[in-house]
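Undergrad: Shown below is the structure under consideration.
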């Protein structure tokens with residue numbers, strides 16, 4: 001009798017785990033149903049038809065009660081994430097970079113490197129080729145948070 005009760009409890013725990021913890025996989029639910037089915041088979045085989053029918057009825061009632069308990073709204077409300085994110089991005093007060101801004105390379109751009117614009121440094125990419133260290137550059141393109149630069153040449 002203890003073995004039958006153990007199989008029923010293991011089956012209920014696995015079905016509950018399938019519904020609440022690891023949905024979509026199916027393995028725990030299948031193993032839980034097999035465990036509960038095994039308890040029915042064992043009861044029929046070892047204890048006779050009356051005990052088997054009682055164990056089957058108990059399993060059905062327990063499964064229905066479990067499903068009803070899980071599908072109640074209060075169960076899901078307790079488990080649902082109920083956090084609101086109300087934070088906002090903080091403006092640092094510094095001006096944003098725009099195409100045409102000039103700066104000086106801190107490291108060699110081969111093709112990526114560090115460029116200083118004013119008192120801030122950024123990672124930038126050379127538009128063409130490589131740019132040596134301490135070269136004046138200008139922004140020619142800003143795309144997907146990437147800064148593309150080329151050596152600054154003063155054209156009159």
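Undergrad: Please name all residue pairs, on different chains or six or more residues apart, with Cβ atoms under 8 Å, provided the first residue is in the stretch 70-94 and is farther than 15 Å from residue 21 by Cβ and the second residue is modelled with pLDDT under 70 and surrounded by 10 or more Cβ atoms within 10 Å (Cβ to Cβ).
TA: none
Undergrad: Any chance you could count how many residues in the stretch 1-35 are over 33 Å from the mean Cα position of the chain (by Cα) and surrounded by 12 or more Cβ atoms within 10 Å (Cβ to Cβ)?
TA: Filtering the stretch 1-35 down to residues over 33 Å from the mean Cα position of the chain (by Cα) leaves 1-8.
Still in the running and surrounded by 12 or more Cβ atoms within 10 Å (Cβ to Cβ): 3-8.
So the count comes out to 6.
Undergrad: If you check every pair at least six apart or on different chains, which have Cβ atoms under 6 Å apart with a residue in the stretch 12-35 that is farther than 16 Å from residue 65 by Cα first and a residue that is surrounded by fewer than 16 Cβ atoms within 10 Å (Cβ to Cβ) and at pLDDT below 80 second?
TA: 28/22
The values are calculated or read from the model by the stated rules, or taken from the named source; none is laboratory data. All figures in this text were calculated on a predicted structure; none of them were measured in a lab. Neighbour counts are summed over all protein chains in view; Cβ atoms, including those assigned to glycine, are modelled from backbone coordinates with ideal geometry.
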